[in-house]
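The values are calculated or read from the model by the stated rules, or taken from the named source; none is laboratory data. Nothing here was measured: the structure is a model prediction, and the numbers come from that model. Neighbour counts run over all protein chains shown; Cβ positions are idealised from the backbone, glycine included.
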Amino acid sequence: MTETEAKPRILETAEEVAPPAASSPSPERKKEKKHLRWSNLSYTTRVTLAFALIAAIGVAMGITGTEVTKESAKMILADDNFSTIVAAVREGRVIFDNIRKFLRYLLSSNVGEVFTVFGGVMLAGVLGITQPGTTGVAVPLLATQLLWINLLTDAAPALAMGVDPSTDDVMARKPRKLTDRVIDGQMWGDIIFIGIIMAAVTLIGMDMHLAGGLFTDRSVDAVGHDAQMTEARTMGFTILVFAQMLNALCSRSHDQSVFVGLFANKWLWGAIALSTLLQLAVVYVPFLNTAFGTVPLSVGAWVECLGLAMVVLVASELRKCVLRAMRE
C-alpha cells in the first residue's frame, strides 16, 4: 500500500479518533480539514500510519508521535526507536522458549518416574522386585524417594531454565502461529521418548542388584532379599536422579546438540551441582538413610549408576541427529 492509497483510510481513522466538534461542519469544510490535517503531519508520521495499516498492529512514536497516531496505534514506542521492536520480539521468543524448556524437562522427568513405577509394578516378578512375607505389590521406589526427586533435585534445574540464554537462531525462525500449542506433537514425542529411556535404565539398574532378575545374576553386595531390595532401590533412586540432571541439559533444545552452548547457563550448572550434593547426602548421611530407605553405594555401583544415566544423554543426542537429518 502506497502513501497515496493509505491516505484516505488514515484520514478516516483520524476523523474517528478526533474529538467531536461543537457543530457538524459542511462536506466542503470536512474535506478542507482533512487536507490540512494530512499536510500538517510529518513524513515520519505519515509513513508510520501507512505501515500501521499494512501490519497486524499499528505502531506509533511515544515522544515525537502525534495524538492521532497514538490513538490509532496498538503499540507505542516510548523511546521512538524501531530497534526496540526487534529487542522486544527477541526477548519474547526467549521467554517462550524457556517456558517450553521448563515444560519439556519437568514433564519428561515426571513421565520417567511414572513409567518407572508402572513398569516396576507390572514387571515385578520378572525383575525380582518382590517383598516376601507381605501381601500386595512391591513398588520399585518409595514415596519419600519420589518426593525427594520432585521437591528438591528437580526443582533447582527447572527454575534455572527460566534464565537460560537465547540460542543463535532465535531470530532466524519463522513467526509462530497464533494457533500453535505450547506443548505440540514434537514436544510430546520428546517427553515420551525420554520418559521411556529413563524408566528403562532405572529398572535395569535395579534388576542388576536383585538375584533372579532378567539379567545374569552376579555377586551382589547385599546379603538377603530385604538388603538387596534396599540396595536396588538406592540404585534406581540414584540413577533416576542423575538421569534427570542429564535430561535438564538435553531439554534445552528440541533438535540442537546438548554440546552447543553447554556452559552458557551457569545457573543450571549450579543447580545440577546442588542436586548432586543433596543426592550424595541422601546416600551417605546415616539419618537420611533411615528416612529415605537408602544405603551407601560402592565405587562399582556408582560406575553403574553414572553409566546407565548417561544412556539418556546418548539416546537424546541420537534422536536429535535423526531430527536434524530429516529436517535437512
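Of all residues in the range 253-310, those satisfying the criterion of being surrounded by 12 or more Cβ atoms within 10 Å (Cβ to Cβ), among the polar types (S, T, N, Q) and more than 18 Å from the chain's Cα centre (by Cα) are 275, 276, 279, 289, 294. Considering only residues in the range 182-215 that are without any contact (Cβ under 8 Å) to a residue 60 or more places away in the chain and not in a helix (DSSP H, G or I), the one that is farthest from residue 249 (Cα to Cα) turns out to be 215.
If you go through the range 170-179 one residue at a time, do you hit one that is β-branched (Val, Ile, Thr) and either free of Cβ contacts under 8 Å to residues at least 12 places away in the same chain or under 22 Å from residue 311 (Cβ atoms) (or both)?
The answer is yes, given that some residue of the range 170-179 is β-branched (Val, Ile, Thr) and either free of Cβ contacts under 8 Å to residues at least 12 places away in the same chain or under 22 Å from residue 311 (Cβ atoms) (or both).
The number of residues in the range 70-94 being out of contact with any strand residue (DSSP E or B) (no Cβ under 6 Å at 6 or more places or on another chain) and either outside any helix (DSSP H, G or I) or among the hydrophobic types (A, V, I, L, M, F, W, C) (or both) comes to 11.
For the range 100-181, which helices (runs of 4 or more DSSP H) that fit wholly inside it have 2 or more residues that are closer than 30 Å to residue 88 by Cβ and aliphatic (A, V, I, L, M)? Before the answer, list the steps.
Working: elements: 124-127, 143-148, 155-160.
Qualifying helices (runs of 4 or more DSSP H): 155-160.
Given 116, 153, 130, 144, which one is surrounded by 11 or more Cβ atoms within 10 Å (Cβ to Cβ), in contact with a His (Cβ under 8 Å, 6 or more places away or on another chain) and under 30 Å from residue 211 (Cβ atoms)? I'd like the intermediate steps shown before the answer.
Details: 116 fails: in contact with a His (Cβ under 8 Å, 6 or more places away or on another chain); 153 fails: in contact with a His (Cβ under 8 Å, 6 or more places away or on another chain); 144 fails: in contact with a His (Cβ under 8 Å, 6 or more places away or on another chain).
Result of the check over 116, 153, 130, 144: 130.
Counting only helices (runs of 4 or more DSSP H) that sit wholly inside the range 225-323, those with at least 3 residues that are under 15 Å from residue 154 (Cα atoms) are 225-250, 266-284. Can you name the residue in the range 180-210 that is of a type in the set (A, V, I, L, M, F, W, C) and surrounded by fewer than 18 Cβ atoms within 10 Å (Cβ to Cβ) and, of all such residues, is nearest to residue 307 (Cα to Cα)? Out of the qualifying residues, it is 196.
Is one or more of the residues making up the range 149-159 at pLDDT below 80 and either of a type outside the set (Gly, Ala, Ser) or under 23 Å from residue 205 (Cβ atoms) (or both)?
Among the residues of the range 149-159, not one is at pLDDT below 80 and either of a type outside the set (Gly, Ala, Ser) or under 23 Å from residue 205 (Cβ atoms) (or both), which makes the answer no.
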